[in-house]
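As structure tokens, the structure follows; a few thoughts come after it.
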Amino acid sequence: MKTINRRNFIKASAIAGAGLTLSPGFAFRCTSQNSSKPVLLGGRKPSYSFSKWPVYDQTEEQALLDVLHSNNWGRLNGNMTAKFEEEYAKAHGTAHSLAVSSGTSALYTMFGALDVGPGDEVVLPVYTFVASYNVVGLNYALPILVDTNIETFQIDTKKMEQAITPQTKLLMPVHIGGSPADLDAVLEIGKKHNLPIIEDACQAHLAEWKGQKVGSFGLGGAFSFQSSKNLNCAEGGAITSNDKDFIEKCYIFHNQGQGGTGTSYGTGSGTRGTNLRLTEFQAALLLAQMTRLEQQA
Ligand SMILES: Cc1ncc(COP(=O)(O)O)c(C=O)c1O
């Protein structure tokens with residue numbers, strides 16, 4: 001077997017990357033033909049051109065104007081957010097979805113619903129976006145970082161179990177770079193230790209594990225709709241879940257500890273919470289963007 005060291009890894013990934021960037025229709029095109037060597041090792045610096053992003057037309061324009069003229073700009077008055085949640089849950093094969101103000105908010109809301117706090121530990125991969133760690137710190141809990149599987153770049157599930165202690169509150173695999181973590185292994189570990197699984201799927205819209213959408217395996221999945229994402233409303237996020245009780249708790253947390261009016265979630269009991277609601281403008285944009293998601297993904 002070829003030795004894996006930093007130099008071989010950079011070389012191999014640069015060649016694999018060149019294959020990707022040269023494939024037709026890919027959003028990120030490399031115009032250099034000299035891609036066999038990375039710049040670091042003396043290759044010529046390629047020039048890139050990006051596809052226009054975001055993509056929109058009159059559908060988005062009309063959707064925004066409709067919300068504007070409806071006078072219902074927030075979810076507590078309008079119905080766009082609820083409509084989007086229905087569509088988003090359907091796209092992921094989950095029973096429920098809750099729209100929130102960002103991907104970070106989606107994680108934060110689920111941590112709030114699970115009452116994560118000081119003394120708790122959260123097991124997550126070391127290779128992720130900083131938001132995954134931030135949300136642990138925001139709850140005064142301790143991130144327990146697990147190594148990366150060098151073949152997949154995902155969390156190394158062989159090392160996950162060693163990271164579990166009596167303080168572990170939840171497991172948080174991250175589906176990094178649009179690809180799924182090994183969900184068979186993660187689910188098995190979660191079941192064995194009776195720990196909830198929160199999937200950070202902020203980078204993995206419509207990604208699948210064995211034909212099933214990520215975000216539908218654990219107790220909850222978190223998605224981001226920040227500007228660079230496959231689904232974009234400038235800033236926004238969603239939680240997916242099959243657990244009605246959990247999604248109700250999430251709703252209450254993201255709505256200042258209260259159940260909402262005009263929703264199917266009933267009344268709340270004034271517990272831990274904050275305001276992480278999406279606006280109707282964002283929901284309308286997302287509904288329009290959803291019509292292109294499959295093709296763009
Ligand atoms: C893996 C991961 N988790 C969480 C987030 C946070 O999402 P947002 O920027 O919408 O708060 C991101 C955003 O890039 C992400 O990539």
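The values are calculated or read from the model by the stated rules, or taken from the named source; none is laboratory data. Here the structure is a predicted model, which is why all the values come from computation and not from measurement. Quick reminder, even Gly has a Cβ in these numbers, built from the backbone with ideal geometry, and neighbours come from all protein chains shown.
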Practice item. Give just the number: which of (1) surrounded by fewer than 18 Cβ atoms within 10 Å (Cβ to Cβ); (2) assigned to a helix (DSSP H, G or I) does G112 not satisfy? Key: (1)
Check your understanding: Quick check, is V135 outside any strand (DSSP E or B), within 12 Å of the ligand (Cβ to nearest atom), within 23 Å of E248 (Cα to Cα) and in contact (Cβ under 8 Å) with a residue 12 or more places away in the chain?
Key -> yes
Check your understanding: How do the pairs read when you match residues in the range 230-241 that are of a type in the set (D, E) with residues anywhere that are surrounded by fewer than 24 Cβ atoms within 10 Å (Cβ to Cβ) and assigned to a loop (DSSP other than H, G, I, E, B), using Cβ under 8 Å and keeping only pairs 6 or more apart or on different chains?
Key -> E235/S101; E235/S102; E235/Q226; E235/S227
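Can you tell me which residue in the range 148-161 is farthest from the ligand (Cβ to nearest atom), limited to those that are in contact with a helix residue (DSSP H, G or I) (Cβ under 7 Å, 6 or more places away or on another chain) and in a helix (DSSP H, G or I)? Reasoning before the result, please.
Step one: filter the range 148-161 for residues in contact with a helix residue (DSSP H, G or I) (Cβ under 7 Å, 6 or more places away or on another chain), giving 153-154, 157, 160-161.
Filter again for in a helix (DSSP H, G or I), leaving 157, 160-161.
Details: T157: 17, M160: 17, E161: 22 Å.
Only one residue tops the list, namely E161.
Got a number for residues in the range 144-184 being among the aliphatic types (A, V, I, L, M) and closer than 17 Å to G220 by Cα? Break it down stepwise before answering.
Quick first cut of the range 144-184, residues among the aliphatic types (A, V, I, L, M) only: 144-146, 150, 155, 160, 163-164, 170-172, 174, 176, 181, 183.
Checking which are closer than 17 Å to G220 by Cα leaves us with 170-172, 174, 176, 181, 183.
Qualifying residue count for the region: 7.
Out of all the residues in the range 225-250, which are of a type in the set (D, E, K, R) and out of contact with any Cys (no Cβ under 9 Å at 6 or more places or on another chain)?
So in the range 225-250, the residues of a type in the set (D, E, K, R) come out as 229, 235, 243-245, 248-249.
E235, D243, K244, D245, E248, K249 - these are the residues of the range 225-250 that are of a type in the set (D, E, K, R) and out of contact with any Cys (no Cβ under 9 Å at 6 or more places or on another chain).
For (1) surrounded by fewer than 19 Cβ atoms within 10 Å (Cβ to Cβ); (2) at pLDDT 95 or above; (3) assigned to a loop (DSSP other than H, G, I, E, B), each residue gets a yes or a no:
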{"residue": "D184", "(1), (2), (3)": "yes, yes, no"}
{"residue": "F223", "(1), (2), (3)": "no, yes, no"}
{"residue": "E235", "(1), (2), (3)": "yes, yes, yes"}
{"residue": "I239", "(1), (2), (3)": "no, yes, no"}
Review point. Free of Cβ contacts under 8 Å to residues at least 24 places away in the same chain, among the polar types (S, T, N, Q) and touching a Ser or Thr at 6+ places or on another chain (Cβ under 6 Å), is that true of S47?
Key: yes
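Any residue at all in the range 143-150 that's in contact (Cβ under 8 Å) with a residue 24 or more places away in the chain, closer than 24 Å to E235 by Cα and not aliphatic (A, V, I, L, M)? Outline the logic, then answer.
Residues of the range 143-150 that are in contact (Cβ under 8 Å) with a residue 24 or more places away in the chain, as a first pass: 144, 149-150.
Imposing the further condition that a residue be closer than 24 Å to E235 by Cα reduces the set to none.
No.
Give the residues of the range 43-102 that are among the acidic types (D, E), farther than 30 Å from I198 by Cβ and part of a helix (DSSP H, G or I), sorted by residue number. Step through it out loud before you land on a result.
Pass one, the range 43-102, residues among the acidic types (D, E): 57, 60-61, 66, 85-87.
From the residues that got through so far, the ones that are farther than 30 Å from I198 by Cβ too are 57, 60-61, 66.
Matches in the range 43-102: E60, E61, D66.
Between I176, I164, which is among the β-branched types (V, I, T) and within 11 Å of the ligand (Cβ to nearest atom)?
On the way: I164 fails: within 11 Å of the ligand (Cβ to nearest atom).
It is I176.
May I ask you to say which residue of L124, L145 is more than 22 Å from D245 (Cα to Cα), within 12 Å of the ligand (Cβ to nearest atom) and either assigned to a helix (DSSP H, G or I) or at pLDDT 95 or above (or both)? Let's see the steps before the verdict.
Working: L145 fails: within 12 Å of the ligand (Cβ to nearest atom).
The conditions single out L124.
Is it fair to say L195 is assigned to a loop (DSSP other than H, G, I, E, B) and in contact with a helix residue (DSSP H, G or I) (Cβ under 9 Å, 6 or more places away or on another chain)?
Details: assigned to a loop (DSSP other than H, G, I, E, B): yes; in contact with a helix residue (DSSP H, G or I) (Cβ under 9 Å, 6 or more places away or on another chain): yes.
Yes: the conditions hold for L195.
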**Study point:** Meets criteria (in contact (Cβ under 8 Å) with a residue 40 or more places away in the chain and more than 15 Å from the ligand (Cβ to nearest atom)) for K191
**Key:** no
Check your understanding: Among the residues of the range 64-83, is any out of contact with any strand residue (DSSP E or B) (no Cβ under 8 Å at 6 or more places or on another chain), at pLDDT below 85 and among the charged types (D, E, K, R)?
Key -> no
